[in-house]
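*Asks:* Just passing along the structure, written as structure tokens.
Read the figures in this text as sums done on the coordinates, not as results from a lab. Since the structure is predicted, the reported quantities are computational estimates derived from the model, not experimental observations. As a convention, Cβ positions derive from the backbone with ideal geometry for all residues, glycine included, and neighbour counts pool all protein chains shown.
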Amino acid sequence: MRHSFNIHLVPEEDGRWMAEVPALPGCVTWGSTKEQAIERIKEAIELYLEVLTEEGKPIPEDYSDYAKIEVAL
């Protein structure tokens, strides 16, 4: 079964990228590049879902949505 999740990517001050899945609390990783962070978060999601399945817990649906909002100061 296929599942789809939104990920949040954030560039860090040290040049690395942080990737997290808001719908899966604690599912977070880092990469040296944006591409590496995306690859690693895919692996982290797979492992997270495996654990949920092994524990008999439901896999959550991701109903999140993101919007960028501009404000003036």
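*Asks:* Per DSSP helix of 4 or more residues, -39500 (n - 2.57); summed, then divided by the residues of the chain. What does that give at 222 nm, rounded to the nearest 500?
*Replies:* Details: 1 runs with 21 residues, N = 73.
Here the helix-only value at 222 nm equals -10000 deg cm²/dmol.
*Asks:* Here is a further query. To the nearest 0.05, what FRET efficiency results for VAL51 and GLU13 with a Förster distance of 25 Å applied to their C-beta separation?
*Replies:* Taking R0 as 25 Å, the efficiency between VAL51 and GLU13 is 0.20.
*Asks:* In percent, how large is the relative contact order of the chain, given Cα pairs closer than 8 Å and 6 or more residues apart?
*Replies:* On the way: 92 pairs, mean separation 18.2, N = 73.
Relative contact order of the chain: 25 percent.
*Asks:* Sticking with this structure for a sec: Return one number: the angle in degrees, 0 to 90 and rounded to the nearest 10, between the long axis of the Cα atoms of helix 34-54 and the longest principal axis of the Cα atoms of the chain.
*Replies:* Compared with the principal axis, the helix lies near 30 degrees.
*Asks:* Leaving out same-chain residues fewer than 8 places away, which aspartates and glutamates sit with a Cα under 16 Å from that of LYS34?
*Replies:* Counting by Cα, and skipping residues close in sequence, LYS34 has these aspartates and glutamates nearby: GLU12, GLU13, ASP14, GLU20, GLU43.
*Asks:* Right, here's the next one. Identify which of the listed values of semi-axes √(5λ) of the Cα gyration tensor in Å was calculated from the structure shown: [x] 27, 20, 8; [y] 29, 13, 10; [z] 25, 17, 9.
*Replies:* Given [x] 27, 20, 8; [y] 29, 13, 10; [z] 25, 17, 9, the structure-derived one carries the label [z].
*Asks:* May I pose another question? Any chance you could run the full-extension gain for ILE69 through SER32? It's 0.36 nm times the residue separation minus the Cα-Cα distance, nm to one decimal. Before the final figure, lay out each step's value.
*Replies:* On the way: separation 37, 0.36 × 37 = 13.32 nm, distance 2.76 nm.
That works out to 10.6 nm of additional length.
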